[in-house]
Amino acid sequence: MFAAFIFPFLIAVGTMCAISGILAILMVIADATIGNYGTVKIAINEDKTLEVEGGRSLLITLKDEEVFIPSACGGRGSCGLCKLKVMEGGGDILPTELSWLNPTERKQNVRLSCQLKVKNDMRIRVPEELFNVKQFRTRVISLRDLTHDIKEVRLKLLEPDSIHFKAGQYVQVEVPEYELTDEPVYRTYSMSSEPFATDEVELEIRYVPEGICTTFVHKHLKEGDELTINGPYGEFLRSDTTRPMICIAGGSGMAPIKSILMDMNRNHINRKTRYFFGARSKRDLFLLDDMRQLEKELPDFRFIPALSEPEPEDQWNGETGLITEVVDRHIKDASDMEAYLCGSPLMIDACIETLKKNNMPEENIFYDKFA
């Protein structure tokens with residue numbers, strides 16, 4: 001009776017495996033034939049035409065032609081930054097794009113370039129400022145542990161040997177093939193260095209378990225290694241007003257805020273500024289000496305760190321609670337202020353609600369969300 005049951009079962013399993021194998025082979029053949037789109041033309045802004053091999057995403061295709069489109073997630077479709085207008089040749093909007101495109105953008109032929117595959121001749125529009133983005137060959141000149149999971153990476157520019165950026169902007173770091181990826185990938189990181197130092201770039205990179213780029217940086221990157229970056233990108237910039245500033249960050253969100261503050265100090269920009277930095281416990285705080293030095297040098301600047309879950313051994317006498325609670329205790333009327341926020345989407349959304357509750361106009365709130 002057992003044999004009568006097991007033999008048909010084994011035959012069924014074997015049949016299913018054979019069918020799966022055949023389907024896999026057919027998919028490989030289809031990818032090599034149907035997916036071979038040949039040479040495709042991409043017309044950019046009506047004044048430049050590229051001839052490229054079809055079949056890959058528009059984002060990667062343009063990158064290989066040294067037309068760099070911002071993407072915080074490296075092309076995974078999880079940040080929504082790589083939007084471009086595709087006037088012809090894009091086909092229908094894909095389900096993976098829908099959540100990132102509002103009705104107005106859809107009418108204007110805006111697409112997510114990381115999701116759109118180049119299959120046909122295309123006409124696209126690229127913002128002119130992106131043509132100033134360059135690719136840089138760099139060398140790691142120092143690696144420093146700022147906390148148990150945040151590493152400072154300083155890069156010396158080799159070719160070209162200088163970068164011109166504004167405080168608050170970011171670059172994309174390309175990670176080569178290694179054990180977690182069979183192809184180069186890139187991720188976005190804000191620059192913590194001040195624009196004055198044009199021959200170096202400083203980054204603060206937080207380790208994410210199994211994160212392709214963060215694992216490479218924390219466990220494989222060494223001083224003397226070369227890295228490829230491109231940039232600068234971003235509109236997270238200090239305004240030219242004289243309004244009092246509220247800065248709020250957590251973790252590696254310190255990077256662009258630090259750059260903005262150092263730039264203000266160097267250029268003698270004296271605006272009332274309060275910087276709220278949220279951490280879980282004392283081991284998550286860093287650059288305290290730098291911030292205290294800025295308090296001495298930058299008129300009317302105050303740094304306010306806060307711990308949400310201080311450990312008994314921390315012996316912490318400073319602010320405690322969620323960073324939104326701390327901001328709410330300190331800021332009662334924000335109607336004439338501006339805010340600069342950098343951190344996770346959840347943190348930023350919560351901070352926006354707190355600031356709006358305290359009368360800050362939403363148009364005065366600037367932020368940089370980590371994807």
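Remarks
- Unmet requirement for Cys79, which otherwise passes all of (1) under 23 Å from Thr181 (Cα atoms); (2) without any contact (Cβ under 8 Å) to a residue 60 or more places away in the chain: (2)
- Unmet requirement for Ala350, which otherwise passes all of (1) more than 15 Å from Ala279 (Cβ to Cβ); (2) aliphatic (A, V, I, L, M); (3) touching an Asp or Glu at 6+ places or on another chain (Cβ under 7 Å): (3)
- Yes/no for Glu338 being surrounded by fewer than 18 Cβ atoms within 10 Å (Cβ to Cβ) and either within 19 Å of Ser259 (Cβ to Cβ) or of a type in the set (Asp, Glu) (or both): no
- Taking the conditions (1) on the phi < 0 side of the Ramachandran plot; (2) under 20 Å from the mean Cα position of the chain (by Cα); (3) in a loop (DSSP other than H, G, I, E, B) in turn, Asn120 satisfies each one other than (2).
- Flag if Phe236 is closer than 20 Å to Ile348 by Cβ and touching a His at 6+ places or on another chain (Cβ under 8 Å): no
- Search result, residues across the range 182-208 that are of a type outside the set (D, E, K, R) and farther than 16 Å from Cys73 by Cβ: Met191, Ser192, Ser193, Pro195, Phe196, Ala197, Thr198, Val201, Leu203, Tyr207
- Identity of the residue in the range 171-224, without any contact (Cβ under 8 Å) to a residue 12 or more places away in the chain and among the hydrophobic types (A, V, I, L, M, F, W, C), that ends up nearest to Val140 (Cα to Cα): Ala197
- Matching residues, the range 84-116, being within 19 Å of Glu46 (Cβ to Cβ) and buried (at least 18 other Cβ atoms within 10 Å of the Cβ): Leu84, Val86, Gly89, Gly90, Val110, Arg111, Ser113
- Meets criteria (of a type in the set (D, E, K, R) and part of a helix (DSSP H, G or I)) for Lys222: no
- Glu46 over 29 Å from Asp161 (Cα atoms), outside any loop (DSSP other than H, G, I, E, B) and modelled with pLDDT under 95: no
- Selected residue (only one of Thr96, Thr104 is within 24 Å of Lys369 (Cα to Cα), within 23 Å of the chain's Cα centre (by Cα), free of Cβ contacts under 8 Å to residues at least 40 places away in the same chain and not in a loop (DSSP other than H, G, I, E, B)): Thr96
- The sole residue among Glu295, Glu309 that is closer than 23 Å to Asn265 by Cβ and either among the acidic types (Asp, Glu) or touching a Pro at 6+ places or on another chain (Cβ under 7 Å) (or both) is Glu295.
- When restricted to residues that are assigned to a strand (DSSP E or B) and not charged (D, E, K, R), the range 318-371 contains 9.
- Members of the range 148-184 that are more than 18 Å from Val133 (Cα to Cα), β-branched (Val, Ile, Thr) and surrounded by 18 or more Cβ atoms within 10 Å (Cβ to Cβ): Ile150, Val153, Val175
- As a summary of the residue check, Lys258 satisfies the conditions (1) over 16 Å from Ser193 (Cβ atoms); (2) over 15 Å from the mean Cα position of the chain (by Cα); (3) buried (at least 21 other Cβ atoms within 10 Å of the Cβ); (4) not aromatic (Phe, Trp, Tyr) except for the one numbered (1).
- The test for being touching a Phe, Trp or Tyr at 6+ places or on another chain (Cβ under 6 Å), buried (at least 16 other Cβ atoms within 10 Å of the Cβ) and under 30 Å from Lys83 (Cα atoms) holds for Ile229.
- Considering Arg274, Arg266, Arg292, the condition of being touching a His at 6+ places or on another chain (Cβ under 8 Å) and assigned by TED's automatic domain parsing to the domain that holds Ile323 is satisfied by Arg274 alone.
The values are calculated or read from the model by the stated rules, or taken from the named source; none is laboratory data. These numbers come from a predicted model, not from an experiment. Neighbour counts are summed over all protein chains in view; Cβ atoms, including those assigned to glycine, are modelled from backbone coordinates with ideal geometry.
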